[in-house]
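The values are calculated or read from the model by the stated rules, or taken from the named source; none is laboratory data. Bear in mind the structure is a predicted one, so any value in this text is a computation, not a measurement. Neighbour counts run over all protein chains shown; Cβ positions are idealised from the backbone, glycine included. We work out accessible area using only protein heavy atoms, side chains counted, and drop any ligands, DNA or RNA first. Shrake-Rupley method; radii C 1.70, N 1.55, O 1.52, S 1.80 Å.
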Amino acid sequence: MDFSAFFNYPNAKEENVEESEQSLYFLQSLQEDDWQKFLAFTQIRIFEKSEKAIVYKEPNQSIFIVSSGSFDVLIPSRQSKEMQKVAEIKEGSVFGELSFLDGLPCSATVMATTPSKAFELTKQAFEIMTSQEPHLSNVLMYDLARLLSYRLRRTTKMLML
Amino acid sequence: MSLAKKFPNYMQVKKVIPDWVWHFSRVISFLCVVAICYFLYEKPKIGLFLFWGVFIPALPLMFFIAPGVWRNICPMASVNQLSRELKINKGIAAGKRFKEYSYVIAITLIYLIIPARKYLFSYNATSLLLLIIFMMLLAFIGGLFFKGKSGWCASMCPLLPFQQIYGQTPFINVRNYHCRPCVGCVENCYDFNPNISYLAMLYGSDKYSAGYRKFFVSSLPGLIIAFFTVPNPPLISIMSMYTAALSIIAISIAVYFILTTFVKIADTNIAILYGAISINLFYFFILPLLDAQYSAVFGINIPDFVYHIVYITIFSLSVVWLVRTYRKEQAFLGAVSEEKSLRIKSMAPVHEFEKKHMSNPVVTILPSNRRLVVNPGESLLEIMEAEKLPVQSGCRVGMCGADPVTILEGYENLDPPSEEEKATLLRLGVSERSRMACCARVKGPVTVSLQPELSHKVRVAQAEGAQFNFNNLVIIGNGVAGMTAAYHVNTIHPNCKITIIGRESHHYYNRMAIARLLESHSHISDISLLPKNWAIAPYAECWLNTIAMKIDREKKSVEIGIHEYVSYDKLIIATGSSSYIPPIENKNLKGCFKLREADDVIQIRKYIQEHDCHRVVISGGGLLGLEPAYEFSQYERFSVSIVERGPHLLMRQLDTRAAKYLHSYLEGLGIHIIVNAEVKKVIGKKRVVKVQVTDANQQNEKILNCDLLLICAGIKPNIQIAKECGLAVNRGVIVDSHMRTEDPDIYAIGDVAEVNGKIEGLWVSSMQQAKVASQHILGKETAYANVVPMTILKIAGIDVISMGVIEPRTDQDSVIIIENEREKTYRKLVISNNKIIGAILVGTKLYADDVHAAIENEIDVSAMMALLRSGDWKILTIKGMPKLSGS
C-alpha cells in the first residue's frame, strides 16, 4: 500500500510520490474540445441512494466517472459472505475500468451512498469512439495501461524486501 | 483534500497553544528531570517515589489522551533537539540498517529496563540516576549526529513503542512544535501524523517492520502481568524471575498468534485489542500499589472509591478508544484504496458538459430502474441499445413488432404513435400504454418497462356476421408475409381455418435479428415475434419443419413432404427467398455457411465453438453481409474481413461518396474491407482454413486465413413450387396489384412475389403485401402500391439510411449533396420532376422521416430548392409531414 499521501513531508522530494500522483490522473492530456467530444460518447446516469452501479461477480462493460455524490466500494469479507466497505469514491473518481478492460466479472460492488451522477462509457461507445475519434481512445487506453503499470510496479515493490 | 480532515498531519492541526507556552513547558519539564535527579542523588526515597510513583504511572495515560503534549515537552526530546537549535547537529540521514533496526533497539531497551526494575531500578536510586543520565546522553548524541528526530525520538527511544500503541488514536491532537521545518527524516513519522503512523507501519510493505511491532504489542500484556505478578528478587532468584516473566510473556505472544490464526478478524484488530488490554492491566495493577505508596508517603488514606472511579474512567476511555481506533482503521483503509483509484484531475469540463445537458429528459427503465439523461429526440430503442439492455430490434419503423415496451409514466412526453405503429400495437395485443421502442422518441421524462403489458380487451372480429366464400386458407411460409396475412384474415374472418406450412423448425421469428443469435445469451425465443396472446390459435395451425412439395391446382390441395395433403379454398404462397450462392470453388467444405435463417446462425455458432474460430471472412458487402460483420467485430476474439465484388460497400443503397464514410468507420472498428474482389476458392482439407480472393479482373489473387466463411451474396426467391404447378413466374411469382397470381385462388406475397415487375424483398413491403392480399381474399378491392424502400443499416455508431432512387435516372433529374467531411456527414437528395425520389443520409438521421414522407407523398419541392441546397431541410418538416423526425 502506498501511504505517501499521509506523509507528504513538505521538503521531501521523493520521486515515487510525484510518479504515483501523475499515474493516477485519468485523461489529463485531453484539451477542452476533446473533453466535450469524449463526453458526448458517454451516457449520464443518475443513481439513487443505495442503487448499485456495478455488482460484484456480475458482468460490466463500462467505465464510470463520478460527477457528483458518493459511492461505496464493497467486497465480500473474507470470513462472512457479507459485503464490506473497502473504499469510498467521490466526484472525479473513475471505476469499472478493470472489467471494462478484461471483460471479467466485477471485482467489487459500487453502490451510491447519496443521490449521485456518473458518466458511463460503455464498451460499445468506446468502440464507436475508436472509429470516430481514434486519438481519444488512444489517450484513454494509454491512461488505463499506465494505471495498470503503476499498480504492477507497486505490487512488485511490495514483494521486494 | 478529505485526508486532511480525516487524518490531519501535524501541519494541518490548528495551532491552539502558542509556542512560548511550549518553550516554557519544555524548560519546566527539563527542570523536573533535574529535580528528580537531584532527589535521586540527595534524597533517594523521594526521588524514587517521584519517578516511579508519580511520573511513570502518569505517562501511559498521557500517551493515551494527548501523546502530542508529551512529544512536545519530553525532556529527552528537548535534549535531542538541542543540537539542532544550537545549529551544531550534523544532520546525517539515517541509514537503511539503522532505520530497520532502531525499533528493535527500542524494544530491547524496554525488555532490559523493565524486568531490571524489579531488582534494581525501582529500589536503587543511583542506578536509576545513571539510567536517566545515560538515556539523556543517548538522546543528545542521537540528535547531534542524525537528521531531525531520527537519531532518537522517532527511532530508538524506548517510550516510542508505548506511544505508538497507546497513542495511536489520540483523544486530543496536538500540533508538533519541534520539527520546524519538517525534514522528512523517517518514514511514517509518528510526529508528523500520529493517527496514521502505527497503521502505516502495520500495513506497510515492509513485513519485518510490521512484524516487530506486532511482536511487541503481542508481548505487552504479558510483560505487564509478569512485572506485577512475578515476585521480586530476592523473594525468588533473579533467574527464576526471568524464567517466570518470560513464560508469561511467551503465553501472551502465543495467545496473540493463536487468535490471529483462528479468530477471523484482521490481526491489526487483535493488536488494537491487545493495546486496550495492556493499558487496563497496567492501571488495574498499579492503582492499588499507588494507593499503598501514597498512603505511606502522605499518611492519608485515599478512599477506595477514588481509585474505582479512576479505574472505571480509564476502562471507559479504553472502550471508546477501541471503537475509535477500529473505525479509524476502516476509514484509513478506505482512504488508502481511495487514493488508489483512478481520478480526473479537473472536473470542470465534465461539469460544464453536465450543465449543458441538465435540462435534458431523464428516462427511467424498469426492471433495472436505470435512470439516464438522454438527448431529446432519441428513440427509446436507441437509448436501450446503447445501454445494452435486453431489447430486440427489427424494422425500426414500428411495424415488425419486435420491441414493444410499456410506458409507465410520461406517455405524453413521447412523439405520438403513427398509424402503422398503432396497427402493430393492436396486432401485438398490448395495452394502451404500450409503444414500439423504435418509434417512441423522447421529449420529456419517461418511465418505461421492458416488460410488454398485454391488453385485457378481448379482440373482436371486425366483420362479425359477414359471409365469406371460403373457410379454408392455406399459407405456405411462416415468415412475416405469411403470418401477417394469417393475422389479417383471422381478424376479419375468425371462423376461417388457417393452415400455415412452415419449412423452418421455428415459429415466426425476427429474421432481421438473427445475427443476434451469435451473442452470448441469445436464444431463438429471444427473437420470437409471436404475440404472447396469439389469438388466432384455435383456428390456425402452424406446421413447422414441413416442406410444401407440390400444389395441385385442380384438386386444390398442397402435398407436404410427409405425403399428406392439405386442401385449400384459398392459397397464399409466401415461401420467401433463399441465399444466393455464387460459384465458389470448394464451397461445400466445412466452415462455409450461408446466413439467411435462424438455423444457419445456430449452426454457425455451434461450428465456431467446436472449432475455435477467430478469422471470419464474409463474402458480400451488402446489407446481408455488413450486419453479421459488425456483430462479429463486437467480439475481440474475431478478426473480420469483408470481400465485396463491387467498388464499394452497400452497392444498392449508397453512392461512392457515402460509402466512403461507412468504409472508414467500419475499418475503424477493425473490420478489414476488400472491394472489387470476390472469394473464388475455399482452401482446406477437412474444413476451411484459407480462402482465395481475386480481384474483378481475375488478375491478382490474395490468400486470406479463414476459419469461417459466410456467404452473403444476395437472395433468390423460392419460386420452385409455384413454377412447378404452372403459375407464371419471372424472377419471382408474377402477381397483379392485389397480389393474386393468374390462378384466382392463389396469391403470392413477400420476397417471392413479383409485383409491377419488381421484387421488393423488404420487411415493410411484405407486411403491406400481406395486408393487400388478405383484404382481397376477404373481398375488399385494395391495390398494392410499391412502397418507397427505406433501408436503415443496423450498425451502432453510424447512421446510414437510404431510400428510393439513389442516383439520377435521366439528365433531367437533379441531385443535392450536403457533405461535411469534418463531421463526417453526408446527405443526398435525388430530385426528379420537382419531387424527391430518393435520398441517402450518412452520419446523421436528421430529417430522415421527413424526407421519406416527402418521397411517399410526392411533395412538390420546386419552391424549396434554395433551402434544400443550403442544407436547411427543416422546410420538409414545416410542410406538415405526417411524421416528425428526431431533430
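The H on the amide N of B:Cys542, modeled in the peptide plane, is under 5 Å from the matching H of B:Ile500, each at least 5 residues off or on a different chain.
Residues whose amide H falls under 5 Å from that of B:Tyr580, counting only those 5 or more places apart or on a different chain, are B:Ala713, B:Gly714, B:Ile715, B:Lys716, with hydrogens built in the peptide plane.
Taking a Cβ cut-off of under 9 Å around B:Ala331, the surrounding Lys, Arg, Asp and Glu residues balance to a net charge of +1, with basic ones at +1 and acidic ones at -1.
Taking the average, over residues, of other Cβ atoms within 10 Å as the packing measure, peptides B:645-658, B:284-297, A:47-60 rank B:645-658, A:47-60, B:284-297 from highest down. Per residue of peptide A:124-137, the mean number of Cβ atoms on other chains within 10 Å of the residue Cβ is 4. Cross-link reach is defined here as a Cα-Cα straight distance under 17 Å, omitting same-chain residues fewer than 8 places apart; for B:Lys771 the lysines meeting it are B:Lys422, B:Lys570, B:Lys780. So for chain B: antiparallel DSSP bridges make up what percent, rounded to the nearest 5? Given both bridge residues lie in chain B, the antiparallel proportion sits at roughly 60 percent. Sequence-ordered 3J(HN,Hα) estimates for segment B:256-264 from the Karplus curve with 6.51, -1.76 and 1.60 and θ = phi - 60° stand at 4, 6, 5, 4, 5, 7, 9, 8, 8 Hz, glycine and proline given as x.
Given an 8 Å cut-off on Cα distances and at least 6 residues of separation, report the relative contact order of segment B:740-875 as a percent. Can you show the working numbers first?
On the way: 204 pairs, mean separation 21.7, N = 136.
Rounded, it is 16 percent for segment B:740-875.
How large is the Rg to Rh ratio of the protein assembly as shown when both quantities use alpha carbon positions and Rh follows Kirkwood? Don't jump to the answer; show the numbers that get you there.
On the way: Rg = 41.7 Å, Rh = 35.6 Å.
A ratio of 1.17.
For segment B:292-303, 3J(HN,Hα) computed residue by residue from phi via the Karplus equation (6.51, -1.76, 1.60; θ = phi - 60°) reads 4, 4, 4, 4, 5, 6, 8, x, 10, 8, 6, x Hz, glycine and proline entered as x.
Segment B:244-301 and segment B:651-690 have Cα centres separated by 79 Å.
Helix B:125-145 and the long axis of chain B differ in direction by around 50°, with both axes built from C-alpha atoms. Summing +1 for each Lys or Arg and -1 for each Asp or Glu, what net charge is found among the other residues whose Cβ lies under 12 Å from the Cβ of B:Met11? After counting each charged neighbour, the total is +3. Summary value for chain B: 7 percent relative contact order, contacts being C-alpha pairs under 8 angstrom separated by 6+ residues. Accessible surface area normalised per residue over segment B:603-749 is 44 Å², counting heavy atoms of protein chains with a 1.4 Å rolling probe. Taking the inverse of the mean 1/r over every pair of distinct Cα atoms in segment B:617-673 gives a Kirkwood hydrodynamic radius of 11.1 Å. Working from Cα positions, state the angle (0 to 90°, nearest 10) between the long axis of helix B:598-611 and the longest principal axis of chain B. Value to nearest ten degrees: 40.
Solvent exposure of segment B:124-244, expressed per residue, is 35 Å² of accessible area, with all protein chains present and a 1.4 angstrom probe. For segment B:679-695, 3J(HN,Hα) computed residue by residue from phi via the Karplus equation (6.51, -1.76, 1.60; θ = phi - 60°) reads 6, 9, 8, 9, 10, x, 8, 8, 8, 5, 10, 8, 10, 9, 10, 10, 7 Hz, glycine and proline entered as x.
With Cα atoms defining each centre, segment B:192-243 and segment A:123-147 are spaced 54 Å apart in the structure. Of the beta bridges in the protein assembly as shown, as assigned by DSSP with both residues counted there, near 70 percent are antiparallel. Short-range pairs are left out: with C-alpha atoms under 8 Å and at least six residues apart, the relative contact order of segment B:467-597 is 31 percent.
Applying a DSSP loop filter and a limit of 14 other Cβ atoms within 10 Å to the trypsin sites (Lys or Arg not before Pro) in segment B:186-289 leaves B:Lys264.
Heavy atoms only, probe 1.4 Å: what % of the accessible area of the protein assembly as shown goes to carbon and sulfur, would you let me know?
On the way: 27790 of 48050 Å².
That share works out to 58 percent.
Quick one: net charge around A:Ile63, please, counting Lys, Arg +1 and Asp, Glu -1 for every other residue with C-beta under 10 Å from its C-beta. It works out to a net charge of -1.
Look at where the Cα atoms of segment B:352-367 and of segment B:16-59 average out, and the two centres are 68 Å apart.
Can you give the Kirkwood hydrodynamic radius for chain B, in Å, rounded to one decimal and based on Cα pairs? Walk me through the numbers before you get to the answer.
Details: mean 1/r = 0.0282 Å⁻¹.
Mean inverse Cα-Cα distance, inverted, gives 35.5 Å.
Put simply, the amide H of B:Leu710, placed in the peptide plane, has neighbours under 5 Å in B:Phe593, B:Val617, B:Ile618, B:Ser619, leaving out anything fewer than 5 places away on its chain.
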